[in-house]
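What follows is a single structure, written as structure tokens, with notes after it.
What follows is calculated from the coordinates using simple rules that are stated; it is not laboratory data. This one's a predicted model, so the numbers in the text were calculated from it and none came from an experiment. Cβ: placed from backbone, ideal geometry, glycine included. Neighbour counts: every protein chain shown.
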Amino acid sequence: MDINDNKVNDQTELRARGNWNEVKGAAKQKWGQLTDDDLTYDEGKQDEWFGNLQQKTGHAIEDIKDWFSKTFSGTDNDPNRPSNRS
């Protein structure tokens with residue numbers, strides 16, 4: 001599956017969709033073994049970035065992509081996260 005299927009295609013778009021530092025913090029809370037270096041994205045290297053996250057977390061790439069997509073859309077079911085929904 002191409003990352004574009006989840007509407008998240010590069011760090012510029014990630015930043016445009018929300019506060020990247022907040023999302024990085026949420027990712028580190030969800031997957032405690034992740035570091036800032038793990039969450040540093042190099043433009044054009046989406047597949048490698050998600051592959052590295054998969055190796056670090058032990059979760060499927062699709063699950064990681066889905067989590068990021070839901071986190072940006074405010075549908076991650078985290079009662080502590082502000083929702084973009086009305």
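Any idea how far apart residue 48 and residue 30 come out in nm if each label point goes 7 Å out from Cα toward Cβ?
2.3 nm
I'd like the Karplus ³J(HN,Hα) series for region 19-25: coefficients 6.51, -1.76, 1.60, θ = phi - 60°, whole numbers in Hz, and an x wherever there's a Gly or Pro.
For region 19-25, the Karplus curve yields 6, 4, 5, 5, 5, 4, x Hz.
Please list 40-49, 63-72, 22-31 highest first by mean number of surrounding beta-carbon atoms within 10 Å per residue.
Result, highest mean first: 63-72, 22-31, 40-49.
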